[in-house]
Amino acid sequence: MDGLPFKPNYTITGKILNNLTAIASAREVIEQSPLVPQWEAKLRRQAMLKNTHSSTAIEGNKLTLEQVDALSQGKEVAAARKDKQEVINYIEALEKIPDLAPKGTISIEVLLKIHKTITAKILNDPSDCGSFRDRQVYVGKHVFKATGFREEIVYMPPETEKVPELVEEFVDWLNLMLAEKETINPILLAGVAHYEIARIHPFIDGNGRTARLLATLILYLIGFDHRRIFALDDYYDRDRPGYYAALGTVDKETRDLTQWLEYFTEGVAFSVNEAKTAVLRLGVKGKKGTRPQIALTPKQIEILEFINIHGKVTNRELQAIFKVSAQAVHKELAKLVEMKVIIPQGQGRSLSYILA
């Protein structure tokens, strides 16, 4: 590894170690939970919607989470064409994650494919989609000075002619790390990749989205998020100035990634804990394999969610929730009792149901 042109510079601090420990603990809870197919699909969809909304919103997309959900279902949404296309593209890219790198390696072609997918029908020049930039770009912001707003350069990426070589050197290192999984923690690997694509800025536009998708792909390939239920980008969108500030902590000369990786691991810990909370809300507890997987209807899942939050549920409460008759509710409850998912408690008017 010492002979490779690219070698990241960072220090494993106490903060990073604490974050990695918290991530491992929360992930263990998730992995030991016997998620039934319906629950896993529900969590995966929620993560896809959150990731799409957050990653595009960071770049200025104005669609709400509800509008992103509607677009994902093929519904018409009243919004700017570009905003809608960005969302559609990002959803498509996330759906392609399992098939992007079937051999477990990330080539330059994979990187270009990600970029082409997320920028399709968006860039002014279609030839810029899925291609390295052929001109200099910069990251700027509008600031008010004297009589009006002016654009101020925040970051000037490497020179255009250096991009192919820089990407190739980085990809060579990345694939070596993917092959030697014990060399670097997968979370740190994803964090380094996220930053390096943002630093090189290899494309005319879409560098941030490409960097975040690459991090997601790495965590999938390495088996960390094989279920794809972590909404990693949601953390960045909650505090965009904090996200950009963290990226800006890396010194241009030393390229010390320590502070960025402290932030990145904190974000992953947040996302994994969100997923853990969702899993526990579904009531899937205990060691993996101790409860057989059961196929449940959406209504039955909702009943279990209610019980897990409130401790118990009555027929009358479910009548109000679903707006159906007592007989219809009893039918659903009887099925769950028969499957040994819930058990009755009490009698008569005090009859309620708790998790088995």
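The values are calculated or read from the model by the stated rules, or taken from the named source; none is laboratory data. Remember, it's a predicted structure, so these values are computed and weren't measured experimentally. So basically every Cβ, Gly included, is an ideal-geometry build from the backbone, and we count neighbours across all protein chains shown.
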May I ask you to list pairs of residues, at least six apart or on different chains, whose Cβ atoms are under 7 Å apart, with the first in the range 203-230 being closer than 25 Å to residue 244 by Cβ and in a loop (DSSP other than H, G, I, E, B) and the second being among the hydroxyl-bearing types (Ser, Thr, Tyr) and at pLDDT 95 or above? 203/210; 205/119; 206/119; 230/271
Single residue of the range 150-178 satisfying the filter (free of Cβ contacts under 8 Å to residues at least 12 places away in the same chain and not acidic (Asp, Glu)) that is nearest to residue 212 (Cα to Cα): 162
Tell me which residues, restricted to the range 1-36, are surrounded by fewer than 17 Cβ atoms within 10 Å (Cβ to Cβ) and at pLDDT 95 or above. 9, 11, 12, 13, 14, 15, 17, 18, 21, 24, 25
Return the only residue of 211, 231, 193, 215 being surrounded by 19 or more Cβ atoms within 10 Å (Cβ to Cβ), within 20 Å of residue 56 (Cα to Cα), touching a Gly at 6+ places or on another chain (Cβ under 8 Å) and among the aliphatic types (A, V, I, L, M). 215
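Going through 189, 166 one at a time, which residue ends up being within 24 Å of the chain's Cα centre (by Cα), over 19 Å from residue 248 (Cβ atoms) and assigned to a helix (DSSP H, G or I)? Let's see the steps before the verdict.
Working: 166 fails: within 24 Å of the chain's Cα centre (by Cα).
The match here is 189.
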Residue count for the range 305-356, restricted to those that are of a type in the set (Lys, Arg) and either touching an Asp or Glu at 6+ places or on another chain (Cβ under 9 Å) or modelled with pLDDT under 90 (or both): 3
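Can you name the residue in the range 55-83 that is hydroxyl-bearing (Ser, Thr, Tyr) and closer than 21 Å to residue 241 by Cα and, of all such residues, is surrounded by the most Cβ atoms within 10 Å (Cβ to Cβ)? Before the answer, list the steps.
First pass over the range 55-83, keeping only residues hydroxyl-bearing (Ser, Thr, Tyr): 55-56, 64, 72.
Now narrow it down to the ones that are closer than 21 Å to residue 241 by Cα: 55-56, 64.
Values: 55: 28, 56: 24, 64: 13.
So the residue we want is 55.
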Restricting attention to the range 277-301, report how many residues are closer than 26 Å to residue 54 by Cβ, at pLDDT 85 or above and surrounded by fewer than 20 Cβ atoms within 10 Å (Cβ to Cβ). 2
Within the range 115-159, the count of residues that are outside the structural domain of residue 95 (by TED's automatic domain parsing), surrounded by fewer than 16 Cβ atoms within 10 Å (Cβ to Cβ) and not in a loop (DSSP other than H, G, I, E, B) comes to 13
